[in-house]
Amino acid sequence: MGGYGSGQRCNSKETTSRYKPIDVREWFREGLMTPFRCFFKGIWRIEVGPAWNAKRPTCVILTHLDGGSKNVGVPLQWTACNYGNSRPWFLCPNRACRRRVAILYCDRTVACRHCRGLAYDTQQMSAANRAFHIASQIRMLLGGSGSLAEPFPERPKGMHWRRYSRLLVRAERLETAFFSGFLGVLGVNDFKFD
């Protein structure tokens, strides 16, 4: 049988990692969201639709490259940012939903996470495993490896000391939570040390 933290709960949902995500924020950062543009991402051919106002496209058309699928039109909505410019969002292609989202999940169809009933991978983890995962991410953010066995990374050049201190304290709390949960499962508290 599995060890500590193995497997999923019996009532667990499917997770987002099972599907291929398409992210409108990534396309916008790469400068691909201009009207009448066509580009390829993974298994999709994406055509950016016309712009009705201020050079912002109103939709994208996704075509699966296998040739057997029909085109999927995904409306776009734009919101203003605080310091100028604007940000694109997908509107879920499911007519019953029409939720504003940044990421759509694809297999043969395209829908948002809520329509598919998906959970994030970290939502399926135990509290101790989630603490380990976040502590590892903090270490990698600071330029170290994700291993808790290695010394904590030094402050990266250009990072404010206050932010570094906050990350250090948070990582220490998470590591403590992970090790206390891990040792509790092993029954270390039951051993007597003379």
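The values are calculated or read from the model by the stated rules, or taken from the named source; none is laboratory data. What you are looking at is a predicted structure, and each value in this text was computed from that prediction instead of being measured. We place every Cβ from the backbone using ideal geometry, glycine too, and count neighbours over all the protein chains shown. Surface areas here come from the heavy atoms of the whole protein model, side chains and all, with no ligands, DNA or RNA. Shrake-Rupley method; radii C 1.70, N 1.55, O 1.52, S 1.80 Å.
Rounded to whole numbers, the Karplus 3J(HN,Hα) couplings from phi for segment 142-156 are 7, x, x, 8, x, 6, 7, 7, 7, x, 5, x, 5, 5, x Hz, using 6.51 cos²θ - 1.76 cosθ + 1.60 with θ = phi - 60°, and x at Gly and Pro.
Shown in residue order for segment 112-124 are the 3J(HN,Hα) couplings computed by the Karplus curve 6.51 cos²θ - 1.76 cosθ + 1.60 at θ = phi - 60°: 7, 4, 5, 5, 7, x, 8, 10, 7, 4, 5, 6, 8 Hz (x for Gly and Pro). Fully extending the segment from H133 to K55 would add 23.9 nm, taking 0.36 nm per residue of separation and subtracting the current Cα-Cα distance.
Would you please state the base-10 log of I(q)/I(0) at q = 0.12, 0.19, 0.23, 0.27 1/Å for segment 94-170, with intensities from the Debye formula using one equal scatterer on every alpha carbon? Normalising to I(0) and taking log10 leaves -0.57, -0.84, -0.98, -1.20. Computed from the Kirkwood radius of its Cα pairs, the Stokes-Einstein diffusion coefficient for segment 55-184 at 20 °C and 1.002 mPa s stands at 115 µm²/s.
Taken along the Cα-to-beta-carbon direction at a fixed 7 Å, the label points for Q77 and E172 span 4.4 nm.
Extending 7 Å from the Cα toward the beta-carbon at both R37 and R98 defines two label points whose distance is 2.8 nm.
Carbon-plus-sulfur fraction of the accessible area of segment 15-138, 1.4 Å probe, in percent? The C+S portion of the solvent-accessible surface of segment 15-138 is 51 percent.
You can think of it this way: the chain between S17 and M159 has 48.0 nm of extra reach, that is 0.36 nm per residue less the Cα-Cα gap. Counting Lys and Arg as +1 and Asp and Glu as -1 over every other residue whose Cβ lies under 14 Å from the Cβ of R116, the net charge comes to +4. Applying the criteria of a DSSP loop state and at most 14 other Cβ atoms within 10 Å to the chymotrypsin sites (Phe, Trp or Tyr not before Pro) of segment 115-170 yields Y120. At a probe radius of 1.4 angstrom, the accessible area of segment 115-174 per residue rounds to 65 square angstrom. Taking other residues whose beta carbon is less than 14 angstrom from the beta carbon of A102, and scoring Lys, Arg as +1 and Asp, Glu as -1, yields +4.
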